[in-house]
Amino acid sequence: TMTSIASQASDDEKIEALADVEFLLGFGSIVSEAVLRAAPKLKLIQVASAGYDTLDLDVLRELGIPLATSAGVNAAVVAEHTILLLLAVLRKLPLATARVAEGGWIMDSPATDPFTYHDLVDKTIGIVGFGNIAQQVAKRLGGFDCHLQVYKLSKINEQQRRDFGVTQVELQELLETSDVVTLHVPLTPDTENMIGREQLASMKSSAVLINTARGAVVDEAALIEALQKGQILGA
């Protein structure tokens, strides 16, 4: 038998619906700790996303409920979006589009003067993390004649180095030498606010930060401050 319940339902409604449920399918934000503890027959949670940070893993371990993710399912789409955002920032696309929509022309405004645009060709791209999405980003950047460097805690094997044309470096070196820093790590206690004031201060004043991972990987207040001070070019 199958039971369907909206993710917006109350905990009481979910507890009632999951009383006899053995397998739960949905997105990671579907159940709270109270609901998990009140689902005695639950044997597996399958989330439809790659991310799982909205579920309490400690509680799942305690209850002995396995969690399955859909890692890689949206990797190509997020990788495309990463390239889209990167080009939009470097080429000032939002500013240029707004200028033309106002009835002006791009060269009418110093803010959108094409001579202040930045190219992607020959840039050094720093990729933080090297999972499914990051690898798809590296693959797509190959056609832009970029220099790719990666920060990852575990070692990248020689086959990956050759396949994706990347060099592995420490995070500090990546921040100091990259024209673009793009983030592709899950949100964990170790990665929360991993890009803060100290890291932003280490970046080039001409550098761009792209975050298509979880928002909390970046200290938002520190990023706003860095942009206002001109510490980095854009984000």
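What percent do you get for the relative contact order of the chain when only Cα pairs under 8 Å and 6+ apart count?
Taking the mean separation of contacting Cα pairs over the length of the chain, I get 14 percent.
Could you derive backbone 3J(HN,Hα) for segment 85-102 from the dihedral phi with the Karplus parameters 6.51, -1.76 and 1.60 (θ = phi - 60°), listing whole Hz in sequence and x where the residue is Gly or Pro?
Couplings: 5, 4, 5, 4, 6, 4, 9, 6, 4, x, 5, 5, 5, 4, 4, 5, 5, 6 Hz.
Of the labelled options (i) -0.50; (ii) -0.35; (iii) -0.39, which one gives log10 I(q)/I(0) by the Debye sum over Cα atoms at q = 0.09 Å⁻¹ as computed for this structure?
Identified label for the calculated read-out: (i).
How much accessible area does ASP53 have with a 1.4 Å probe, in Å² rounded to the nearest 10?
Accessible area, nearest 10 Å²: 60 Å².
As a quick test, which of the pairs LYS139/LYS229; LYS14/LYS41; LYS43/LYS152; LYS14/LYS43 have an alpha carbon distance above 25 angstrom in this structure?
Values: LYS139/LYS229 33 Å; LYS14/LYS41 14 Å; LYS43/LYS152 33 Å; LYS14/LYS43 16 Å.
Beyond 25 Å between Cα atoms: LYS139/LYS229; LYS43/LYS152.
Under a Cβ-only charge scheme (Lys and Arg +1, Asp and Glu -1), can you give me the dipole magnitude of the chain about the Cα centre, in debye to the nearest 20?
620
Within 10 Å of each candidate Cβ there may be at most 16 other Cβ atoms; applying that plus a DSSP loop requirement, which chymotrypsin sites (Phe, Trp or Tyr not before Pro) in segment 37-127 survive?
Loop-located and lightly packed - TRP105, TYR117.
By how many degrees, 0 to 90 and rounded to 10, does the Cα axis of helix 132-141 deviate from the longest principal axis of the chain?
20
Would you please name the trypsin sites (Lys or Arg not before Pro) within segment 95-170 that are DSSP coil residues with at most 14 other C-beta atoms within 10 Å of their C-beta?
On the way: sites: ARG99, LYS123, LYS139, ARG140, LYS152, LYS155, ARG161, ARG162; in loops: LYS123, LYS152, LYS155.
Of the trypsin sites (Lys or Arg not before Pro), the ones in loops of segment 95-170 whose Cβ has at most 14 other Cβ atoms within 10 Å are LYS155.
For the peptides 56-63, 79-86, 125-132, what is the packing order when you average, over each peptide's residues, the other Cβ atoms within 10 Å and list the highest mean first?
Per-residue mean Cβ counts within 10 Å order the peptides as 125-132, 79-86, 56-63.
Residue-wise, which Karplus ³J(HN,Hα) couplings in Hz belong to segment 142-157, taking 6.51 cos²θ - 1.76 cosθ + 1.60, θ = phi - 60°, and x for glycine or proline?
Along segment 142-157, the couplings run x, x, 9, 6, 9, 9, 9, 10, 10, 10, 8, 4, 8, 6, 7, 6 Hz.
Mean separation of Cα pairs under 8 Å and 6+ residues apart, divided by the residue count of segment 135-233: what relative contact order is that in percent?
24
Starting from segment 96-204, pick out the GluC sites (Glu not before Pro) whose DSSP state is loop and whose Cβ has at most 12 other Cβ atoms within 10 Å.
Those that pass, being in a loop and sparsely packed, are GLU102, GLU170.
Let's see if you can work this out: charge +1 on each Lys and Arg Cβ, -1 on each Asp and Glu Cβ, no other charges. What is the dipole magnitude of segment 166-207 about its Cα centre, in debye to the nearest 20?
140
On the accessible surface of the chain, probed at 1.4 Å, how many percent belong to carbon and sulfur atoms?
53
Could you give the size of the charge dipole of segment 50-158 about its Cα centre, using +1 on the Cβ of each K and R and -1 on the Cβ of each D and E, expressed in debye and rounded to the nearest 20? Don't jump to the answer; show the numbers that get you there.
On the way: 9 positive and 12 negative charges, 45 e Å.
Taking the Cα centre of segment 50-158 as origin, the dipole is about 220 debye.
Using the Karplus curve 6.51 cos²θ - 1.76 cosθ + 1.60 with θ = phi - 60°, what ³J(HN,Hα) values do you get for each residue of segment 56-72, in whole Hz, with x for Gly and Pro?
7, 5, 5, 5, 4, 4, 4, 7, x, 9, x, 10, 10, 10, 10, 4, x
The values are calculated or read from the model by the stated rules, or taken from the named source; none is laboratory data. Keep in mind it's a predicted model, so treat the numbers as computed, not measured. Methodologically, a virtual Cβ is constructed for each residue, glycine included, from the backbone with ideal geometry; neighbour enumeration extends over all protein chains shown. Surface areas here come from the heavy atoms of the whole protein model, side chains and all, with no ligands, DNA or RNA. Shrake-Rupley method; radii C 1.70, N 1.55, O 1.52, S 1.80 Å.
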